[in-house]
1. Which whole-number percentage describes the relative contact order of the chain, with Cα contacts under 8 Å and a sequence gap of 6 or more?
2. In nanometres, what is the gap between the two model label sites at residue 104 and residue 214, each 7 Å from Cα along Cα-to-Cβ?
3. For the chain, how big is Rg over Rh, using alpha carbon atoms and the Kirkwood form of Rh?
4. Can you say what percent of the DSSP beta bridges in the chain, counting only those with both residues inside, are antiparallel? Round to 5.
5. Carbon and sulfur: what percent of the stretch 101-148's accessible surface (1.4 Å probe)?
6. Compute the helix-to-body angle for 110-129: its Cα long axis versus the longest principal axis of the chain, expressed 0 to 90° and rounded to tens.
7. Taking every DSSP beta bridge that has both residues in the stretch 1-150, what percent is antiparallel when rounded to the nearest 5?
8. Dividing the Cα convex hull volume of the stretch 107-235 by residue count, how many Å³ per residue is that?
Amino acid sequence: QFHMIKYEDLKWDESLGQGSFSRIFRGTKMDIRDGEKRETEVLLKELDGLHKNCWESFFEAASLMSQISHRHLLLVYGVSVFGAKNIMVQEFVKYGALDLYLKRGRSVSVSWKLDVAKQLASALNFLEEKNIVHGNICAKNLLLAREGDPSQGSSPFIKLSDPGINVAFLDKDVILDRIPWVAPEVLEAPDNLTLECDKWSFGATLWEIFNNGNAPLRGWDLDRKRQFYETFQQLPPSQWTELADLISQCMDYQAGNFGSVELCRYDPLGDNTGELVAVKKLQPNKQ
Ligand SMILES: N#Cc1ccc(Nc2nc(N)cc(-n3ccc(CO)n3)n2)cc1
């Protein structure tokens, strides 16, 4: 389902940190193009040994991202297996994860954040059209390919990263710690991910983006996080009512049963300049 890359064609440069189940490195992959050797800068994502049993899920994530292509989906070149090492080879995205970028205190404008929100909405809209569930939407999995420079009028450009290990393979505590990004229904049935789950996570990620990368419920322990869902709590509303409404429509405890909010772009000019709108869709029998 995806391209196998020879281990000897990869070269490791510096470590760029630690994902939850993987270590990431800058590196290069060597391939032959029109008969000559070419080195491409890549991101090497190495699944750590103790999670060896979820390597299929790790690679499933990769194949999901490599079966379809979209401007705001990360390009995965392929995978490489060498002994106990499972490596996903991705395009190198210049500025890395959005949550760290925002936390690093880059003060960005509201329109910068709106651009990022629209790009994420269009990536999710695309996945929804293909009926593909991502399952791990959060600012940590948004990668910044272009910073955007307000003085030059250039806007940021993001890519949605792979979802990583499927939530069905994760311990309950790991899933609890993903509150409030993980949809409530996932806690009961982690192997039944639906598009609704991505809509819920989209709401939490919007909250993150407009709160400068600060994690919602930061520092809460697992019991308090569990209670947050058990008592149907909502995140502190943004001062922009439209944003607060959109987030609460996405993070709607009842949505699973009574209908859903569909995020789409009202794009009268058809040139992707349209506004991000949320359309409440009731299920057919409720029209
Ligand atoms: N300092 C710095 C710096 C770090 C990383 C990149 N680039 C990059 N490219 C990718 N394809 C994926 C990632 N990721 C980072 C976290 C995750 C979570 O999955 N991915 N980072 C660029 C600069």
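The values are calculated or read from the model by the stated rules, or taken from the named source; none is laboratory data. Fair warning: this is a prediction, and the values are worked out from it, not measured in the lab. Note: ideal-geometry Cβ built from the backbone for every residue, glycine included; neighbour counts use all protein chains shown. Areas reflect the complete protein model, heavy atoms only, side chains present, ligands, DNA and RNA absent. Shrake-Rupley method; radii C 1.70, N 1.55, O 1.52, S 1.80 Å.
1. Computed value for the chain: 14 percent relative contact order.
2. 2.1
3. My calculation puts Rg/Rh at 0.97.
4. The answer is about 95 percent antiparallel.
5. The value for the stretch 101-148 is 44 percent carbon and sulfur by accessible area.
6. 80
7. Taking every DSSP beta bridge with both residues in the stretch 1-150, the antiparallel ones total about 95 percent.
8. Spread over its residues, the Cα hull of the stretch 107-235 gives 102 Å³ apiece.
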